[in-house]
Amino acid sequence: MSFPVDLTVTMTGVTRYQLSHWRKTRLLVPEVSAYRPPLYSFRDLIALRTVARLRIEASLQKVRQAFKNLPVFELTEHPSAYKFATDGTSIAVLTPEG
């Protein structure tokens, strides 16, 4: 199932501008279709809600860095597969291995 921008905005609490900006800067590119019209997967919606939640306590730069570092730690699944936590100064990925 895919979700158009209007429904994605409603379901995630993220603005149209944020979706567009995050897509252009490659923070979170829609899985189904990145271009006209952008269509988001359910996993994308989970990841967007995670980013929105993290943004409450941490800067966008820290969120970006956390997502950018996922492959460095061999975490290559979709970002929705991971649990993130923040103390306001850093962002951690919680894995079953610890």
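The values are calculated or read from the model by the stated rules, or taken from the named source; none is laboratory data. A quick note: this is a predicted structure, and the numbers were derived from the prediction, not measured. So basically every Cβ, Gly included, is an ideal-geometry build from the backbone, and we count neighbours across all protein chains shown. We work out accessible area using only protein heavy atoms, side chains counted, and drop any ligands, DNA or RNA first. Shrake-Rupley method; radii C 1.70, N 1.55, O 1.52, S 1.80 Å.
Summary table below
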read-out	value
Aspartates and glutamates with Cα under 17 Å of Lys83, excluding same-chain neighbours fewer than 8 positions away	Asp44, Glu57, Glu74, Glu97
Given charges at beta-carbon only (K, R positive; D, E negative), |dipole| of the chain in Debye	400 debye
Computed lengthening from Arg55 to Thr15, 0.36 nm per intervening residue step minus Cα-Cα distance	13.1 nm
Trypsin sites (Lys or Arg not before Pro) lying in DSSP loop within the chain, provided at most 15 other Cβ fall within 10 Å	Arg26
Fully extended contour minus Cα-Cα distance, from Arg36 to Asp87, at 0.36 nm per residue	14.6 nm
The chain: DSSP helices with Cα axial extent of at least 30 Å and average Kyte-Doolittle hydropathy no lower than 1.6	none
Selection of chymotrypsin sites (Phe, Trp or Tyr not before Pro), segment 34-76, meeting DSSP coil and at most 13 other Cβ within 10 Å	Tyr35
Percent accessible area from carbon and sulfur atoms, the chain, protein chains only, probe 1.4 Å	56 percent
Per residue accessible area of the chain, 1.4 Å probe, in Å²	64 Å²
